[in-house]
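Below is one structure, written out as structure tokens, with a few remarks after it.
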Amino acid sequence: MSSAEFPSVKISNGLVEAELYLPDANAGYYRGTRFDWSGVMPRLDYKGHSFFGIWNPAKYDPKLHDAIAGPVEEFVAVGYNEAEPGGEFLKIGVGTLTKSDAKPYSFSQSYAIKNAGKWTVKPSKDKVDFTHELSDASGYGYVYRKTVKLTKGNPELVLEHHLKNTGQKPIETQMYNHNFFMIDNEPTGPNIKTTFPFEVSAEGKGFGDIAKADNKTITYARVLPSGEFVYSGGLKGFGNSPADYSMLIQNLKTGAGVQISCDKPLDRLVYWACHTTSCPEPYIKLSVKPQEEIRWKIKYDFKVETPN
């Protein structure tokens, strides 16, 4: 599948080069209702090493929740439990959606978009500015600005966020980055290592026999074959300081790695991996009263070291 089939833009700071798919309700690569439409990144390269790609080899569908790539983010649904079937709820970066039935919210379900808001995109040489504006009769409204930029003179990617609540209802949610890293296309296995600044522990599918959480790291006893995955709904060990929102993902075979950090404390830490990608999913808590605005920033520092 060629990138030319979808609206996209390339950015570079002379060290790192990345490609981003742009929000577009008619022709965009991703048109699903799970993830924020901004910041979808099918490619990022540094010193001859690749860090992102199309991790899901299944048949492509722009509305499939897995049709996504890069350091993509999801905001937990707002107002879903309060809405009646047929009513509206909010997904920041997507719009207001229609609650189809009385079942609990499911990220894997596709919901009808009732109000998609307005996207404005301003690309430049080393960054892309996204703005999503939503004004809706259901009482929710916001201006969401996200800048995806490469730092001048450093192998660093920064996601800058600004959210202003312009509606009548408060916005109480969580946001996480799924971090679909595919470092040099190495399959999930003994060559992939994730390191945290705290003593990490985990329970869940595959942990203890395939994946091992021990001594501040998550490592693998063997390669995950296609169709198999590991999952923990809540890694433990972190505190309430932003310093614990820090993780290093490494490909031990090639020496390429990335250090992830944020200026907000962790609220939850999920971990999921399949054959093609290993994903620490750090959550932060967001609370925005009407007319209030908040900011946060996530950084990715790319590294290439001598392989072990």
Modelled label-to-label distance, ASN81 and LYS212, 7 Å Cα→beta-carbon offset: nm?
4.0
Skipping prolines and chain starts, which residues have an amide H placed within reach, meaning under 5 Å, of the one on MET182, given they are 5 or more residues away or on another chain?
PHE52, GLY53
Given a 1.4 angstrom probe, what's the average accessible area per residue across the chain, in square angstrom?
43
I'd like the accessible area for PHE107, computed on protein heavy atoms only with a 1.4 Å probe and all protein chains in place. Round to 10 Å², please.
100
Kirkwood hydrodynamic radius over Cα pairs of region 76-142, then Stokes diffusion coefficient at 10 °C and 1.306 mPa s, in µm²/s
122
Any aspartates and glutamates with Cα under 19 Å of the LYS114 Cα? List them, leaving off those in the same chain fewer than 8 positions away.
ASP24, ASP36, GLU74, GLU82, GLU84, GLU88, ASP101, GLU133, ASP136
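Go through 71-81, 28-38, 50-60 and give me the packing order, highest mean Cβ count within 10 Å leading.
Most protected by this proxy first, the peptides run 28-38, 71-81, 50-60.
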In whole Å, largest first, the alpha carbons of region 1-138 cover along the principal axes 51, 32, 23
In region 57-193 the accessible area split gives carbon plus sulfur, as whole percent at 1.4 Å, a share of 50
State the percentage of accessible surface on region 219-300 attributable to carbon and sulfur atoms; use a 1.4 Å probe and exclude ligands, DNA and RNA.
51
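Give the Rg/Rh ratio for region 208-264, taking Rg as the radius of gyration of the Cα atoms and Rh as the Kirkwood radius, to two decimals.
0.99
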Run the numbers for THR166 and ALA243: contour at 0.36 nm per residue of separation, minus the present Cα-Cα distance, in nm.
24.6 nm
Using θ = phi - 60° and Karplus 6.51 cos²θ - 1.76 cosθ + 1.60, couplings along region 181-190 (whole Hz; Gly, Pro as x):
6, 9, 6, 6, 6, 6, x, 4, x, x
Residue by residue, what Karplus-based ³J(HN,Hα) values in Hz, rounded to whole numbers, does region 230-239 have, using 6.51, -1.76 and 1.60 with θ = phi - 60° and x for Gly and Pro?
10, 7, 10, x, x, 5, 10, x, 7, x
Over region 117-256, how many percent of alpha carbon pairs lie in each 5 Å bin up to the one with the longest distance?
2, 8, 12, 15, 15, 13, 13, 12, 8, 3, 0
Report, by chain and number, residues whose modeled amide H sits under 5 Å from the one on ALA273, excluding near sequence neighbours (fewer than 5 apart, same chain).
VAL230, CYS279
Looking at the calculated P(r) for the chain, what percent of the C-alpha pair distances fall above 36 Å?
14
Which whole-Hz ³J(HN,Hα) couplings does region 113-128 yield from phi under the Karplus relation 6.51 cos²θ - 1.76 cosθ + 1.60, θ = phi - 60°, glycine and proline marked x?
7, 8, 9, 7, x, 10, 9, 10, 10, 10, x, 9, 4, 10, 7, 9
Taking R0 as 45 Å, what's the FRET efficiency between ALA112 and ASP263 from their Cβ-Cβ distance, rounded to 0.05?
0.80
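I'd like the Kirkwood hydrodynamic radius of region 193-308, using the inverse of the mean 1/r over distinct C-alpha pairs, in Å.
15.2
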Area of MET182 that stays accessible when all protein chains are in place (1.4 Å probe, Å², to 10)
10
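The values are calculated or read from the model by the stated rules, or taken from the named source; none is laboratory data. Every value quoted in this text rests on a predicted model; they were computed, and no experiment measured them. Quick reminder, even Gly has a Cβ in these numbers, built from the backbone with ideal geometry, and neighbours come from all protein chains shown. Please note that ligands, DNA and RNA were not included when accessible areas were found on the heavy atoms of the full protein model with its side chains. Shrake-Rupley method; radii C 1.70, N 1.55, O 1.52, S 1.80 Å.
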